[in-house]
Ligand code: MRU
């Protein structure tokens, strides 16, 4: 999307590849909204660390970062022999797959790449790796644009839309999932208002979604995580759209940022439609139960403290919680299908339990472009 930085507006993707230097380029999301900076990773291990440390985050963006990381690792192999190359690649794959456990996009991206790396030579497979990573990134953009068109009619003139966390373009290569219908509605001249859940502990809603919407000129307010129920009860929210980090094709369960489940329960209580927007790379066709989704537990420090910027512009962490108290920090939760009105996909809107019936077409991610 376009970013206005130092007085100039320029189009950026969240993640891309510098072929000449074999580096992955990333927007440093931990510095937003106070500073816009692009960083690069020198090797696949650094790329994996950038995913773990959340320099890049969001399902599609870490899918693309893992894909580029796999290509980066493949291209760094300087020895001979396909067997040695395969052993090296298995190590690269393992490192990137372990970087964050909940989102399925990195696993789907790398699985798709490995299936395309069938050349007879190391050089051939290295080329195929980069081409497949680029294709994943292009598909991510195309899927987000397509799901935006399908979701656009849900946003009526004057609608008040609640979203949770950041499932905007920063969470993907471009465009975003939950925000894609909003950008499409804006392009169609509709006016509407977005409520961004703050999304503690890392505050992706207050920091990233609010920054994105401000950059695109979309009217919005940040609300404390606890405020959504009150606004729903007062009739001030018409629609909820969230993203997902892993949607189970077999059951329609949706893993997304911690707090999503709470919002879905509230929306059901108040008869408010609750939609989840996903590109096809977010579907896990294998797991049979949401209980089996690995839920990332992050450092307790994220709950006990917060990062901010001092009046002089210095980034600083401050302790919020009672000294000596410990914290639990599950980063995701699972919303059951009965709380979800529809899953907005690049191929249309489906009831969550209908995904499995349509698996033949939804499983063909590449068929969109
Ligand atoms: O921990 P994050 O920031 O990587 O979490 C991902 C998210 O931003 C959300 O869960 C989002 O709603 C889905 S990712 C498109």
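So the values come out like this:
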{"item": "Whole-percent pair-distance distribution, where bins are 20 Å wide, for the alpha carbons of the chain", "result": "30, 59, 11, 0"}
{"item": "C-alpha long axis of helix 260-269 to longest principal axis of the chain, angle in °", "result": "40"}
{"item": "Mean projected area in nm² (Cα convex hull; one quarter of hull surface) for the range 92-132", "result": "2.8"}
{"item": "DSSP-defined antiparallel bridges as percent of all bridges, the chain, nearest 5", "result": "60"}
{"item": "Degrees, to the nearest 10: 82-97 long Cα axis against longest axis of the chain", "result": "20"}
{"item": "Residue with peak Gaussian network fluctuation, the chain [Cα springs, cutoff 10 Å], from 228, 171, 277", "result": "228"}
{"item": "Helix-only [θ]222 nm of the chain, DSSP H runs n ≥ 4, -39500 (n - 2.57) each, per residue, nearest 500", "result": "-10000 deg cm²/dmol"}
{"item": "Computed label-point distance, nm, for sites residue 116 and residue 292 using a 7 Å Cα→Cβ extension", "result": "2.8"}
{"item": "Top of 317, 215, 116 by mean-square fluctuation, Gaussian network on the chain, Cα under 10 Å", "result": "317"}
{"item": "Using alpha-carbon coordinates, inclination of helix 122-151 to the longest axis of the chain, degrees", "result": "20"}
{"item": "Dimensions (Å) - the range 96-185, Cα atoms, principal axes, largest first", "result": "58, 25, 16"}
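Where a number appears in this text, it was derived from the coordinates with a stated rule and is not lab data. What you see is a predicted model; the values in this text were computed from it and never measured. Quick reminder, even Gly has a Cβ in these numbers, built from the backbone with ideal geometry, and neighbours come from all protein chains shown.
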